[in-house]
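Peer 1: What follows is a structure written as structure tokens; I'll ask about it next.
The values are calculated or read from the model by the stated rules, or taken from the named source; none is laboratory data. This one's a predicted model, so the numbers in the text were calculated from it and none came from an experiment. Methodologically, a virtual Cβ is constructed for each residue, glycine included, from the backbone with ideal geometry; neighbour enumeration extends over all protein chains shown.
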Amino acid sequence: MKKIRIESELEAYDDLKELPKDIQDLMRAAFEARDAAYAPYSKFHVGAAIQLENGIVVKGSNQENAAYPSGLCAERTAIYYAGANHADQKINTIAISAKAQNKETLTPIPPCGACRQAIAEYEVKQDQPIVIYFMGERGAVFKSDSLRNLLPFIFTQEYL
Ligand code: THU
């Protein structure tokens, strides 16, 4: 028997203002996306903004449904839009912001497991890491240089 140790490294910033202007702008696009969330059931609003290599920004928000599992998270709404409409463009960066309607969301909110797996697919497809920034409605921002920090054991096409 031998033990396997997995290390992840993220950067933690106290405030968005500590980050470069282009990242602040991308996060502001995520705030805008968040405002367009359709979340009447959870009242938890999430926005994601994706920066493509050609500079285009693609936005997505969570879209809920009375049949709960039919809804979709912000991150997957955005990344599937990018895949469907800009298939030839690599994804450089994703900025994510979440805000609960009934309480303050001041801690960084990471993408859920299913969204991590979806992001992983595109990171493998484009053979280039995707930088991920995530936060609540304000306050601290976490940065990961690759999806792999958030989901070390990704399931990929190589197993199929
Ligand atoms: N949600 C996201 O949009 N992204 C995540 O990574 C976590 C959860 C949404 C799904 C649902 O509409 C609401 O937040 C509560 O789970």
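Peer 1: Test G60 against the stated conditions and say whether it is more than 12 Å from the chain's Cα centre (by Cα) and either away from the ligand (no atom under 11 Å from the Cβ) or part of a strand (DSSP E or B) (or both).
Peer 2: So G60 does not fit the description; no.
Peer 1: If Q117 satisfies all but one of (1) outside any loop (DSSP other than H, G, I, E, B); (2) touching a Gly at 6+ places or on another chain (Cβ under 9 Å), what's the number of the condition it fails?
Peer 2: (2)
Peer 1: Okay, next question. Take the residues in region 70-99 that are aliphatic (A, V, I, L, M) and within 9 Å of the ligand (Cβ to nearest atom); name whichever of them is farthest from the chain's Cα centre (by Cα).
Peer 2: L72
Peer 1: Tell me whether region 80-101 contains one or more residues that are at positive phi, surrounded by fewer than 18 Cβ atoms within 10 Å (Cβ to Cβ), in a loop (DSSP other than H, G, I, E, B) and not acidic (D, E).
Peer 2: There is no residue in region 80-101 that is at positive phi, surrounded by fewer than 18 Cβ atoms within 10 Å (Cβ to Cβ), in a loop (DSSP other than H, G, I, E, B) and not acidic (D, E).
Peer 1: If you check I109 against the conditions, is it in contact (Cβ under 8 Å) with a residue 24 or more places away in the chain and in a loop (DSSP other than H, G, I, E, B)?
Peer 2: yes
Peer 1: Go through (1) near the ligand (Cβ under 8 Å from one of its atoms); (2) crowded, with 16+ Cβ neighbours inside 10 Å one by one and return the number of the condition C112 breaks.
Peer 2: Looking at each condition in turn, C112 falls short on (2).
Peer 1: Can you tell which of I130, I119 is closer than 21 Å to E32 by Cβ, in contact with a Phe, Trp or Tyr (Cβ under 8 Å, 6 or more places away or on another chain) and modelled with pLDDT of 95 or more?
Peer 2: None of the others qualify; the one that does is I130.
Peer 1: Which one is nearest to the ligand (Cβ to nearest atom), of the residues in region 30-56 that are under 18 Å from H86 (Cα atoms) and within 13 Å of the chain's Cα centre (by Cα)?
Peer 2: Only one residue tops the list, namely A48.
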